[in-house]
1. Scan region 96-104 and give yes if some residue there is out of contact with any Pro (no Cβ under 9 Å at 6 or more places or on another chain), open to solvent by 30 Å² or more (accessible area, probe 1.4 Å), not in a helix (DSSP H, G or I) and not hydrophobic (A, V, I, L, M, F, W, C), otherwise no.
2. Which one of the conditions (1) closer than 30 Å to L11 by Cα; (2) among the β-branched types (V, I, T); (3) surrounded by 21 or more Cβ atoms within 10 Å (Cβ to Cβ) does I158 fail to meet, given that it meets all the rest?
3. Residue check: is G110 under 30 Å from V20 (Cα atoms), assigned to a helix (DSSP H, G or I), touching a residue at least 40 places away in the same chain (Cβ under 8 Å) and not hydrophobic (A, V, I, L, M, F, W, C)?
4. How do the pairs read when you match residues in region 22-45 that are within 14 Å of L6 (Cβ to Cβ) with residues anywhere that are open to solvent by 30 Å² or more (accessible area, probe 1.4 Å) and assigned to a loop (DSSP other than H, G, I, E, B), using Cβ under 9 Å and keeping only pairs 6 or more apart or on different chains?
5. Can you tell me how many residues in region 11-33 are open to solvent by 50 Å² or more (accessible area, probe 1.4 Å) and more than 19 Å from I113 (Cβ to Cβ)?
6. Take the residues in region 171-196 that are open to solvent by 70 Å² or more (accessible area, probe 1.4 Å) and either modelled with pLDDT under 75 or outside any helix (DSSP H, G or I) (or both); name whichever of them is nearest to I113 (Cα to Cα).
7. Tell me yes or no: at least one residue of region 127-150 is closer than 21 Å to L10 by Cβ and among the charged types (D, E, K, R).
8. Just to be sure before I move on: is F114 more than 16 Å from G42 (Cβ to Cβ) and exposed (fewer than 15 other Cβ atoms within 10 Å of the Cβ) in the structure I sent?
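The values are calculated or read from the model by the stated rules, or taken from the named source; none is laboratory data. Worth saying up front: this structure is predicted, and the values here are computed from it rather than measured. Counting neighbours? That spans all protein chains shown, and the Cβs are built from the backbone with ideal geometry, glycine included. Note: areas computed on protein heavy atoms with side chains; ligands, DNA, RNA excluded. Shrake-Rupley method; radii C 1.70, N 1.55, O 1.52, S 1.80 Å.
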Amino acid sequence: MLPYCLILVLLLFYMLISAVGLKGAEEFGLVSIIVLMIVVAGFRGLTVGTDTLVYSNMYYRIAGCSNLIDAFSVSTITAPVYVAYAWILGRIGFSHQALLLLNAAITNIGIAIFIKRTSDRPLLSILIYLLFGLYFQSLNGMRQYAAIGIALNAYLDIWISGPRKFRAWFLIGIASGIHSTALILLPGFVAVLYIRRKECKNRTSLSY
C-alpha cells in the first residue's frame, strides 16, 4: 500500500506547485509520476495482480523454447507480438521481472502520451486514472492494458488525421498482437469517421 500512497502524495504535491504557477511543474510532474508508476508496477511481487503469476510462469515456458515457433505453441495465447518480445527477453536471459517492467512501461508511457496529447491538465488526468482504479486494474490485466496504452494513441491518430494515417494502423497491428482488446473500439471509430464524412459532404453540398 505504501508505494501507491507515495504516488498519490507526490501527484498531489506536483498539482499543488503547478496550481501556484511554478513553471514546468506540470510536465516534470507527469514524467516523475509515470516513472514511479512504471517502477512500482514493474517490480511488483508475483502475488500482486490476478494474472501476474500466470504470465510469469508462461514467460519461463516461452523463454525455454529454442525458437519462436515453439514459443507460440507453448504460450497457449494468440498474441504474436507479446510472445515475440517475451521470447526475446527470455533468450537474452532476463527473469520474469523484465517482462513485468516492459509491460508496465508500454502501458504507462502509452497512457501518458495519450494524456499529454488530449488533456490541458495532465496531472489531473493522471489523478483520475489513479483514483478510478485503472492503474490498479493494469496490474491485473497487464497484457490488456499494454495493448490499450498503444491502441489509444492509434485511435487518436485516426481521429485527428483520418483513416489514411499509416502510423495509426501500424500501432493497431502492434496492439492487437499483444491483446485483441485493442480492436474493441475499431467499429466505433469506423462509424464515427463515416458519420463525420457524411456530415462534411452535406455541409459542402449546402454551401453550393
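1. No, region 96-104 contains no residue that is out of contact with any Pro (no Cβ under 9 Å at 6 or more places or on another chain), open to solvent by 30 Å² or more (accessible area, probe 1.4 Å), not in a helix (DSSP H, G or I) and not hydrophobic (A, V, I, L, M, F, W, C).
2. (1)
3. yes
4. A41/V48
5. Number of matching residues: 8.
6. L185
7. no
8. The answer is no for F114.
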